[in-house]
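What follows is a set of notes on a single structure, which appears directly below.
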Amino acid sequence: MAERIYIFDTTLRDGEQSPGASMNIEDKLQMALQLERLGVDIIEAGFPIASNGEFEAVREISKVVRSCTIAGLSRSTRADIDRCWEALQDAAKPRLHTFIATSDIHMEHKLKMSREKVLQEVRESVAHAKQYCADVEFSAEDATRSDWDFLVQVFHAAIAAGATTINIPDTVGYITPVEYGRLINYLCERVPETEYVVLSSHCHNDLGLAVANSLAGIENGVRQIECCINGIGERAGNAALEEVVMALRTRADHLPYSTNINTSEIYKTSRLLSSKTGLVVPYNKPVVGRNAFAHEAGIHQHGVIQKALTYEIMTPESVGRPRSTLVMGKHSGKHGLRKRYEELGYQISDAELSDIYKRFTALADKKKEVFDDDLISLVEDEYSLVDEVYELEYFQVISGNSTVPTCTVRLRKGSESIMDSATGDGPVDAVFKAISRISETSGKLLDYRVQSVSEGKDALGEVFVRVDFGSRTVVGRAASTDIIEASAKAFLNALNKVVGRGGAKGTPA
Ligand code: KIV
Ligand code: ZN
């Protein structure tokens, strides 16, 4: 029987450390519930000592997610571990994850600690965590640049103090697959107690080797993979969950290991994350990128039509991706719409369906063909709805290469309608300025991205903005067949997160 690999998802902790990926508590909760549906074994929900927002997020996720182990990260100090444990109190299956750096470069320049002192910290921190929790993970930060014999001493100490998972991170994405495999082997030989704990890999992608290194880890004894959806994470990111899982599934002949992942939830999870963070998935990203299953060359298309296996090593359906099907038009009814959503894996409540159906019919009026990806975008609009303090009623733009771009916007706020105009560097800038004048806010636009949701000249344009409102930086998202309208709505989506009820819940910038 295939040996089990445990999937440790750190999207909400290491992933959230990607520049621009910060999420508020509501977003994290939605992501955590989706990760539970995806079937990950462990969710690393955050680093509770880092901020009150992080603490609250870990606490809320611990309360709500019942079937996964919830891990919280802490450094080796008592204060960190105590705070982390406080946040994990309500988890059905809590895990304390503590770490300290073990490479000479980190110990000398960052920690300013001798090897002896680090060893003492390992013993004390793991023993302290163990008083609270049976499930303790210890990570040797920068393990792959550490002296191998010192690592042996560190892991002896951590296991003796009670660690049940030993993580060997490639913190700076430096090691190569063969070398990583050798390191794991060396550790297994020199620390025989590793037989009684779970060995874990946590590989960063600075050289594009995170997934290859993780697989090399598995081939040499690692049984837990730490990874992130869409491969997000510090700098170039972490090993991408979807790539590791699909490599194991697709190459089961060579890698006889199983996971608990329901792969048909992968695409939905990837989309949800990018709609929450505004981190758009590159077109050529394996498994979840737009082109991952697109066949451009005629010879390939011909082959796929004859037999998909000629050029497809896995099917889009296996990761929950629609095959760009034309599904509906303006004559489709609510019942048919619900059915299609169910086929796409979305359970929609009656109230949500009514909202979505209104927007669906408006879209079907504008767009000849409504694709599955359009439907997914509509449902994401629904999920990203916040308290709509300001609602777009009307806008008009004047622009051109010899006119000053000018925009007039009318917003509804409760029973009031407020109108104002502004000029800008371009039509989008003018829209944002007019909204800022009406709402008397001064959000600074940090990032603006637009992409098409599906195909055709009438495709939906999806806009992501990241706006700094002084007290908080938030992401806004919206889609429309008109990209100026999508831009206005994305900006309002961000603004409403700050001024609406959801505003009180967010993490600090
Ligand atoms: O990259 C790293 O070493 C980490 C540890 C805290 C596990 O993220
Ligand atoms: Zn990391």
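Some points to look at:
- FRET efficiency for E3 and E388, using Cβ-Cβ distance with R0 set to 56 Å, rounded to 0.05: 0.65
- Label sites at Y311 and D104, each approximated as a point 7 angstrom past Cα along Cα to Cβ, lie 5.2 nm apart.
- Fully extended contour minus Cα-Cα distance, from D482 to R37, at 0.36 nm per residue: 156.8 nm
- Estimated inter-spin distance, E342 and K330, nm [label 7 Å along Cα→Cβ]: 2.8 nm
- Table column - 3J(HN,Hα) (Hz), region 339-347, Karplus curve with 6.51, -1.76, 1.60, x for Gly and Pro: 4, 5, 4, 4, 4, 7, x, 9, 9
- Between region 248-318 and region 118-140, the C-alpha centres lie 39 angstrom from each other.
- For M328, the residues whose modelled amide H falls within less than 5 Å of its own, excluding neighbours fewer than 5 places apart on the same chain, are V370.
- Rolling a 1.4 angstrom probe over the chain with all protein chains present gives an accessible area of which 51% lies on carbon and sulfur atoms.
- Loop trypsin sites (Lys or Arg not before Pro), region 359-466, which have at most 13 other Cβ atoms in a 10 Å radius of their Cβ (DSSP): K368, K457
- Tally of Lys pairs whose C-alpha atoms are under 21 Å apart, taken over region 302-392, 8 or more apart or cross-chain: 15
- Between S67 and R190, the FRET efficiency from the beta-carbon distance, with R0 = 30 Å, is close to 0.25.
- Candidate aspartates and glutamates - alpha carbon under 14 Å from K110, same-chain residues fewer than 8 apart omitted: E141, D142
- Near the amide H of D447, within less than 5 Å, lie the amide hydrogens of R466, all on another chain or at least 5 residues away, with H placed in the peptide plane.
- Here is how the number arises for the chain: DSSP H runs of 4 or more residues each give -39500 (n - 2.57), the sum is divided by the residue count, and the result at 222 nm is -12000 deg cm²/dmol.
- A92/E124 FRET efficiency (R0 22 Å; Cβ-Cβ; nearest 0.05): 0.20
- Full extension of the chain between R182 and S399 gives 71.9 nm of extra length, using 0.36 nm per residue less the Cα-Cα distance.
- A cut-off of 5 Å between modelled amide H atoms, ignoring neighbours fewer than 5 places along the same chain, links G426 with no other residue.
- Positive-end residue of V222, Y346, S264, charge dipole of the chain with Cβ unit charges: Y346
- Distance from the alpha carbon centroid of region 78-97 to that of region 3-63 works out to 14 angstrom.
- Mean separation of Cα contacts under 8 Å (6+ apart) over length of the chain, as relative contact order %: 12 percent
- Taking GluC sites (Glu not before Pro) across region 275-328, the ones in a DSSP loop with at most 10 further Cβ atoms lying within 10 angstrom of their Cβ are E296.
- Stretched out straight at 0.36 nm per residue, the stretch from I418 to T77 would grow longer than its current Cα-Cα span by 117.5 nm.
- Label positions at K368 and K112, each projected 7 Å from the Cα along the C-beta direction, are separated by 7.0 nm.
- Each other residue within a Cβ distance under 12 Å of D374 adds +1 if Lys or Arg and -1 if Asp or Glu, for a net charge of -3.
- Based on protein heavy atoms only, the chain ends up with 43 Å² per residue of surface accessible to a 1.4 Å probe.
- The phi torsions of region 446-452, fed into the Karplus equation with coefficients 6.51, -1.76 and 1.60 and a -60° offset, translate into couplings of 9, 8, 9, 9, 10, 8, 8 Hz, rounded to whole numbers, with Gly and Pro shown as x.
- Computed from point charges on the beta carbon alone (+1 for Lys and Arg, -1 for Asp and Glu), the dipole magnitude for the chain about its Cα centre is near 820 Debye.
- Projected onto their three principal axes, the Cα atoms of the chain cover extents of 70, 58, 45 Å, largest first.
- Loop-resident sites, region 265-295, for chymotrypsin sites (Phe, Trp or Tyr not before Pro), counting at most 11 other Cβ within 10 Å (DSSP): Y283
The values are calculated or read from the model by the stated rules, or taken from the named source; none is laboratory data. Remember, predicted model here, so these are calculated numbers, not experimental data. All Cβ positions, glycine included, derive from the backbone under ideal geometry; neighbour counts span all protein chains shown. When the accessible area is computed, the model is the full protein with side chains, heavy atoms only, and any ligands, DNA or RNA have been set aside. Shrake-Rupley method; radii C 1.70, N 1.55, O 1.52, S 1.80 Å.
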